[in-house]
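Quick notes on the structure that follows.
The values are calculated or read from the model by the stated rules, or taken from the named source; none is laboratory data. These numbers come from a predicted model, not from an experiment. Reconstructed Cβ throughout: ideal geometry from the backbone, glycine too, with neighbour counts over all protein chains shown.
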Amino acid sequence: MAPHRQRAIHRGRGRLKTADLADKHELYQRSVQCPEADILFFDRVFRRHRKRKPLSMKEDFCGTAFLSCEWVKTHPERTAVGVDLHAPTLRWARENNVARLEPEQQPRVSLLQSNVLEVTRPKVDFTGALNFSYCVFKTRDELRRYFETARRGLVDDGIFFCELYGGTEAIVELQERRRCRGFTYVWDQAKYNPIDHHTICHIHFEFPDGSRMERAFTYDWRLWTIPEVREVLYEAGFSKVELWWDPVDGDPKGDSWYRRTEDEENQLGWLVYFAALR
């Protein structure tokens with residue numbers, strides 16, 4: 001069961017019929033991301049703990065900054081900072097997402113070509129590291145350093161959110177297909193090493209004419225476990241770490257299917273949010 005199984009929202013400006021005409025960033029946004037659900041979740045958990053509306057966010061490993069742009073649409077005082085190392089993707093974000101915002105919304109999105117290990121200003125209400133992006137850090141020392149940096153970048157009552165996937169199928173080689181409007185999303189778990197949990201995964205896209213966008217995205221990760229991530233968050237100085245579980249029978253139209261939990265049966269595939277309170 002692919003880790004993005006319930007994150008998709010089908011959107012776009014038309015049906016895509018061939019790999020030659022498709023844009024991989026648009027395909028990713030249409031098949032993987034669901035910023036509406038993310039924002040509902042962040043807002044609900046933040047208000048639950050802090051009794052106020054969150055207004056500022058940082059999107060680490062932001063890529064196309066899709067989440068950041070959707071965030072500023074939800075309130076006229078909301079701001080977003082997106083951080084990513086890859087200049088071409090940030091350029092795509094500015095031209096295709098930021099540029100489509102209303103004129104008054106655009107200045108409220110700041111995109112930084114920087115290392116997430118170095119950005120702690122401006123301080124924000126919450127930071128999100130989504131789509132398992134922090135799994136690029138493969139040692140506890142590296143992961144702890146990132147979590148420490150994320151914590152320093154929060155206001156005094158800030159919250160850090162990140163995700164993790166796992167399950168019995170997460171550690172086997174497989175390809176899973178999911179139909180989207182105009183194309184098929186393919187999640188490819190190409191390699192897994194049980195000694196160090198090193199995993200190589202790809203995303204491919206297939207089209208009705210038989211063409212295929214091969215390895216549109218490749219991920220070289222350590223597949224961390226829930227207790228490891230929680231332990232390192234505490235080691236980084238967070239005062240409380242909650243686990244929010246996504247049941248397989250959840251409702252993909254909102255965020256309400258995520259539940260706070262400490263005891264679950266293993267599944268073929270699962271998704272969780274960590275909410276780490278500063």
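Residue count for the stretch 98-121 satisfying the condition of being touching a residue at least 12 places away in the same chain (Cβ under 8 Å) and closer than 14 Å to Leu67 by Cα: 8.
Taking the options Gln113, Gln106, name whichever one is more than 20 Å from Ser31 (Cα to Cα), out of contact with any Ser or Thr (no Cβ under 7 Å at 6 or more places or on another chain) and surrounded by 14 or more Cβ atoms within 10 Å (Cβ to Cβ). One residue alone meets the criteria, Gln106. Out of Arg151, Arg140, Arg181, one residue alone is touching a residue at least 12 places away in the same chain (Cβ under 8 Å), in contact with a strand residue (DSSP E or B) (Cβ under 7 Å, 6 or more places away or on another chain) and of a type in the set (Lys, Arg). It is Arg151.
Looking at the stretch 161-191, which of its residues are basic (Lys, Arg) and either buried (at least 19 other Cβ atoms within 10 Å of the Cβ) or not in a strand (DSSP E or B) (or both)? Before the answer, list the steps.
Keep residues of the stretch 161-191 that are basic (Lys, Arg), which gives 177-179, 181, 191.
Result: Arg181, single match.
A residue that is farther than 29 Å from Arg181 by Cα, out of contact with any Lys or Arg (no Cβ under 8 Å at 6 or more places or on another chain), crowded, with 20+ Cβ neighbours inside 10 Å and modelled with pLDDT of 95 or more can be found somewhere in the stretch 50-66. Looking at Asp43, Asp20, just one residue is among the acidic types (Asp, Glu) and at pLDDT below 95, and that residue is Asp20. The residues of the stretch 192-237 that are outside any strand (DSSP E or B), acidic (Asp, Glu) and under 21 Å from Arg178 (Cβ atoms) amount to a single one, Asp209. Quick check: anything in the stretch 204-214 surrounded by fewer than 19 Cβ atoms within 10 Å (Cβ to Cβ), in contact (Cβ under 8 Å) with a residue 12 or more places away in the chain, of a type in the set (Ser, Thr, Tyr) and in the same structural domain as Phe132 (by TED's automatic domain parsing)? No, there is no match, as no residue in the stretch 204-214 is surrounded by fewer than 19 Cβ atoms within 10 Å (Cβ to Cβ), in contact (Cβ under 8 Å) with a residue 12 or more places away in the chain, of a type in the set (Ser, Thr, Tyr) and in the same structural domain as Phe132 (by TED's automatic domain parsing). Note on the stretch 95-115: residues that are among the aliphatic types (A, V, I, L, M) and outside any helix (DSSP H, G or I) total 4.
Across the stretch 106-160, the qualifying residues are those that are over 18 Å from Arg278 (Cα atoms) and among the polar types (S, T, N, Q), and the one among them that is farthest from the chain's Cα centre (by Cα) is Gln106. Against the test of being over 19 Å from the mean Cα position of the chain (by Cα) and modelled with pLDDT under 95, the options Glu265, Glu206, Glu231, Glu235 yield a single qualifying residue, Glu265.
Give the stretch 47-94 a look and list any residue that's in a loop (DSSP other than H, G, I, E, B) and either over 17 Å from Val124 (Cα atoms) or not assigned by TED's automatic domain parsing to the domain that holds Val119 (or both), or say none. Within the stretch 47-94, Gly63, Thr64, Leu85, His86 qualify.
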